[in-house]
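Novice: Would you mind keeping the following structure in view while I ask a few things?
The values are calculated or read from the model by the stated rules, or taken from the named source; none is laboratory data. Computed from a predicted model, the values in this text were never measured in an experiment. We place every Cβ from the backbone using ideal geometry, glycine too, and count neighbours over all the protein chains shown. Side chains are part of the model used for accessible areas, which takes the heavy atoms of the whole protein and leaves out ligands, DNA and RNA. Shrake-Rupley method; radii C 1.70, N 1.55, O 1.52, S 1.80 Å.
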Amino acid sequence: MGHTIAVWKTLEDLLIELRKQDVQIPANIIEDLRAARSMIELSYSEGVHEEAITKAEAYTATVEAYLIGQAQEVFESNIVDKWLKRLKEANLQIDKETDLVEGRFVVGVPRDQKWIRIETDGKMPEEYVLKLAGKWNLTVNKQADGRLMVYGQLGDVKAFVKQVAAKTTLDT
């Protein structure tokens, strides 16, 4: 699991470097990077197994393919090789306790609150997420892509994630 967050951070750094070169990154790539982050955070919850990591890896693979392609168009080959080497090293990192970066600014979420994005589907209907979020005094905003942004105080978000994880585990 440790390599997943390392790959995510490397991809975020590459995205930032591409933006400095005035490369326009499509919204779906940014959303996939955010979704990968959410899956990684969910995977740190008790009771969540490989499904969240598998989804995170699928999202990061999509983002990686796009960003490396853009890097090849913008940077010299030796710089692209350095990014590929960083990604390879990130993939080889051993599993270890990793603190997720705090303080990410998300539009609409107060700075003192934590958040998670949830994709609803047949296993996790929107009504269930809304009901569970209400139980923990969390706020829910539906995003343009259909995902739900759930946010509130850290303890409440953690309790919410544990219950979501428990439901996903029971349903599999």
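Novice: Under the 0.36 nm per residue contour assumption, what length would be gained going from the current alpha-carbon distance of L130 and K20 to full extension? Mind showing how you got there, number by number?
Specialist: On the way: separation 110, 0.36 × 110 = 39.60 nm, distance 3.84 nm.
This chain segment gains 35.8 nm when fully extended.
Novice: Report, to the nearest whole %, how much of the accessible area of the range 119-172 belongs to carbon and sulfur atoms, 1.4 Å probe, protein only. The partial results should precede the final answer.
Specialist: Values: 1640 of 3060 Å².
It is 54 percent, rounded to a whole number.
Novice: Given labels modelled 7 Å from the Cα in the Cβ direction, how far is it in nm from N91 to N141?
Specialist: 3.6
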